[in-house]
Every structure is written in C-alpha cells, then in structure tokens.
Amino acid sequence: MSSELAEVSKFELAQRDTMSTLEKVLLDALVKHPEAEFTPMVNHHFAPGVYVREFFGPKDTVVTSRVHQEENIFILVKGHARVVSTTQEKEHVEIYKDFAIFVTPPRTKRALCFLEDTIILTVHPNPENTKDTDALVDRISTVSFEENK
C-alpha cells in the first residue's frame, strides 16, 4: 500500500465516529484490499409470478445491495456472512451462519461481508412474468435512497 493511501486510510479511520456501520464495513474492506475487484455471480430463476436471484459470495469479499423498493424474502442457503442492513431510519448488524430466512423490508440497503463461501437467494414478486433481468432489477431496486421515494 502506498504511503499516500495509508495516510488517507488513517484519516478515514479517524472519522469513524461519524460514519454509519455500513460505511465502516465498506471502508474496512477497502483498507484491507484496496486493489480487489469482484464480479458478482448471479443466477436467475423463474416460476409463474416469482423471480428468484441466486447470488454466490466468495469468502473474504464484501458487496453492497441496491435499495430494495419492495418487501422480499432473503434466504442464506449456506455459508457465513455479516450483514449490515440500513434503512433511512435505522441500521443494524446481524451475523448469519449455515441457514437463515427473513423478510427484507422496503427501502433497505445492505452490505454483506462473506466470512465463508456463501449462497443467498432473494425471492421477489414478478406479476408480469418477465424474464428481462435488467428490467426486473430496475423494478425491484434503485441505486440510492433518493431515487426510492
């Protein structure tokens, strides 16, 4: 790591008391692995009225979600992950191992730190039965909280 990056990292870490947990998790990942790149591995599954996203998270990677526009089901099929969930009202951190299932409320953004290779499924309504995954992603999520009003 260059000394310039180290100085920026020290400055950023000193600002931690004003940062959200989501920001802290991401900063930790960037400080530990500034050169890391990750291309998500996503598979798409369809049934009448249902869209399922299957996501593989390799060990020691961190990803963020978009802001969910509607309620959906989150299933950790296998693995181990630290999950920081943020809404505009509150934030909480959970650690899930081996199997978990819960509901994601609307207007939630997540950072996931994979402590083991992990498989996650999210289950979404698909009333139009479209198989256009780009259109589905745009319907079920937005990039920022500002877009999700």
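No value in this document is a laboratory result; all are computed from the given coordinates. Everything numeric in this text was worked out from a predicted model, so none of it was measured. Every residue, glycine among them, receives a Cβ derived from its backbone with ideal geometry; neighbour counts consider all protein chains shown.
Restricting segment 67-86 to residues that are touching an Asp or Glu at 6+ places or on another chain (Cβ under 9 Å) and charged (D, E, K, R), which is surrounded by the most Cβ atoms within 10 Å (Cβ to Cβ)?
Per the stated criteria, the residue is Arg82.
Collect the residues in segment 131-149 that are loosely packed, with under 13 Cβ neighbours inside 10 Å and free of Cβ contacts under 8 Å to residues at least 60 places away in the same chain, keeping them in residue-number order.
Asp132, Asp134, Ala135, Glu146, Lys149
Being under 11 Å from the mean Cα position of the chain (by Cα) and basic (Lys, Arg) narrows it down to one of Lys90, Lys97, Lys109, Lys131, so name that one.
Lys109
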